[in-house]
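Asker: To start, I am sharing the structure in question, which I have written as structure tokens.
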Amino acid sequence: MVTLTKLQVYPRCLDHRLGFMDHQRVGSRLSCRERNNRVFVHRCESDLEKKKVERRRKREKEGNGLLDSLKSGVSKLGLFLSKDDYSQKVQNLEMVFSKIAVQIARYIVTMTSTGAILLIGFQLSGGDSSMNSLVWYSWLGGVIIGTMTGANMVLEDHYRAGPRNVVITGSTRGLGKALAREFLLSGDRVIVTSRSSESVDMTVKELQQNLKEITSKASESDRKKLGYAKVVGIACDVCKPEDVEKLSKFAVEELGSINIWINNAGTNKGFRPLLDFTEEDIKQIVSTNLIGSILCTRGAMEVMSKQDNGGHIFNMDGAGSGGSSTPLTAVYGSTKCGLRQFHGSVVKESQKTKVGLHTASPGMVLTELLLSGSSIKNKQMFNIICELPETVARTLVPRMRVVKGSGKSVNYLTPPRILLAIVTSWLRRGRWFDDQGRALYAAEADRLRNWAENRTRLSLTDAMEMYTENTWVSVFSLSVVCAFIIVSSTTPSSFPGT
């Protein structure tokens, strides 16, 4: 094979312009003493080789389609972001794909179970259109099986959660104390707070006694879980920034970290027109409900933003949160409406952090906050839609323990519960109060004796409710689709035009 070469002679004046081509030159200077001209040896490329080089360069320029675009996007993202921001973006992307995978799994489970039950029903009916009732019973069975399977997923998620470190403001009575007790029964470590140090001490002793009684009656596995439980308390006025800072430091010292912070402290000052409220009443309502929640949210975010696993903050909804009018509780309603606006703003501010902000809506609970200043007519309405603090806490706590992401809403009065209350309203008369407005329900201590024995575990019915809150629409729609497909494929004559 013969190789042709060509010699090119450059004047010295072009030295500075051709310096960048040194790595392409073959050969060397012919003479070190020659100053005016230099000789370089280049290999001559054939036309075929030139075409190959041009095609290769063209392919490199065009790239490999979508894959190269993704790689380019990721590389550019890494160039423009710091290392921490880049890692956070990757974690957020992984979280999104994880959520998508969970939802797809739920839909597949629901569709598979529904389809299997329907198919069995049609096989038993022999495809006879006269046995449509069996078809719909099969459809109902598919819904139930799918929901129970999803409930098992919720149960596993609940028990994998492990012990949580929880701070609850306003937790020495009413719903706050019921929430603290329910977290304890889940094996969590809880800090209770109140303005009064005496109330805090009494509540801590009472909850410790409740925990001791429950542990003595629990099974071996539950006793092991309850061994992690712990309750301590500190006096805190949520209206004072120094008290809130003291509370957050106390929580970190006692528990090491904070996983859940619940802003439950609130006041109402009764049902009456605005003109009947004193200036001190108005100041206390606004300070506790709105300013206190804002200060506590900020204090919790300061702690959780420094934790590797972040944390979750819950603000309590109430009458007026949705912007509706609240006659006779105008000041209270305005604070709850303002708190909802504050919550929505902070959720967007914290999107790039590991801190989740959520709302919890307990509905109407039989507490001093609700009953103060209520009339006989109000109490008759309470018979229909109100519940005891223990009942509400039993529903809210499992959902709070396994909440993920940010901007979630944990509600007690779900649409099915509201519908059930309306349908059975005639049965609920005299449930809590008689015609004269006198209380018919037992005192808290008496209620706990019968309540505490079977409350150490999350029941299957609770898990089913948690599952169906998020997926009941998909369960229903997929079941209808499966029913239609199987019916149309089995008895096409009964569906003209299909």
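Asker: Would you mind calculating the gained length between Ser324 and Lys404 on full extension (0.36 nm times residue separation, minus the Cα-Cα distance), in nm to one decimal?
Answerer: Length gained between Ser324 and Lys404: 25.9 nm.
Asker: Something else now. Could you list the chymotrypsin sites (Phe, Trp or Tyr not before Pro) in the range 302-386 that lie in coil according to DSSP, counting only those with at most 13 other Cβ atoms within 10 Å of their Cβ?
Answerer: Taking the range 302-386 and a limit of 13 other Cβ atoms within 10 Å, no loop chymotrypsin sites (Phe, Trp or Tyr not before Pro) are found.
Asker: Let me ask you something else. Counting Lys +1, Arg +1, Asp -1, Glu -1, what net charge surrounds Leu290 among other residues with beta carbon under 12 Å of its beta carbon?
Answerer: +3
Asker: Further question: Between Ala101 and Thr353, what FRET efficiency follows from the Cβ-Cβ distance if R0 is 22 Å, with the result rounded to 0.05?
Answerer: 0.40
Asker: So for the range 309-459, taking the charge dipole from beta-carbon charges (+1 Lys/Arg, -1 Asp/Glu), which of Asn309, Val331, Trp432 sits furthest toward the positive end?
Answerer: Looking along the dipole axis, the top candidate is Asn309.
Asker: A further question follows. Could you state the orientation-averaged shadow area of the convex hull built on the Cα atoms of the range 153-258, in nm² to one decimal?
Answerer: Spelled out: convex hull of the Cα atoms, projected over all directions, averaged, 7.0 nm².
Asker: Oh, and also: Near the amide H of Trp261, under 5 Å away, which other amide H atoms are found, from residues 5 or more places off or on another chain, if H is placed in the peptide plane?
Answerer: Those lying under 5 Å, H to H, from Trp261 are Val167, His312, Ile313, Phe314.
Asker: Here's something else I'd like to know. Need one number for the range 305-348: average projected area of the convex hull over its C-alpha atoms, nm².
Answerer: For the Cα atoms of the range 305-348, the hull's average projected area reads 3.5 nm².
Asker: To the nearest 0.05, what FRET efficiency results for Leu274 and Gln209 with a Förster distance of 41 Å applied to their C-beta separation?
Answerer: The value I calculate is 0.45.
Asker: Assigning unit charges at the beta carbon (Lys, Arg +1; Asp, Glu -1) and nothing else, what dipole magnitude in debye, to the nearest 20, does the range 346-424 show about its Cα centre?
Answerer: Around 400 debye, computed over the range 346-424.
Asker: What is the distance in Å between the Cα centroid of the range 235-260 and that of the range 306-348?
Answerer: 20
Readers should treat all values here as calculations from the given coordinates under stated rules, not as data from a laboratory. Fair warning: this is a prediction, and the values are worked out from it, not measured in the lab. Here the Cβ is made from the backbone with ideal geometry for all residues, glycine too, and neighbour counts use every protein chain on show.
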